[in-house]
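Taking it in order: structure first as structure tokens, then the write-up.
What follows is calculated from the coordinates using simple rules that are stated; it is not laboratory data. Here the structure is a predicted model, which means the values were calculated and not measured. Please note: Cβ atoms are built from the backbone with ideal geometry, for glycine as well, and neighbour counts cover all protein chains shown.
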């Protein structure tokens, strides 16, 4: 008397679980002490570059070129030839900052 309605289907291995969702979740770092956190912050701070007021232009250019990460834009800019003025890109002129 088993009908198709009453039978349980086996779990599919291709079913997405919340852990497999496409959005990436950042891991929170757990430090055993405040000292370890300070050490980590100091180490990370050594790799940062402060570009001051140029940050707005940086963000606009990164979006204009369709890049998602700062290292991608940095590599793009470093690989460009420095023969002439840096006023445009291979994609056209750089949009003005508003």
With a 10 Å Cβ neighbour count serving as the proxy for reagent exposure, in which order, fewest first, do 25, 60 appear?
-> 25, 60
Packing-based exposure ordering (other Cβ within 10 Å, fewest first) of 65, 38 | 38, 65
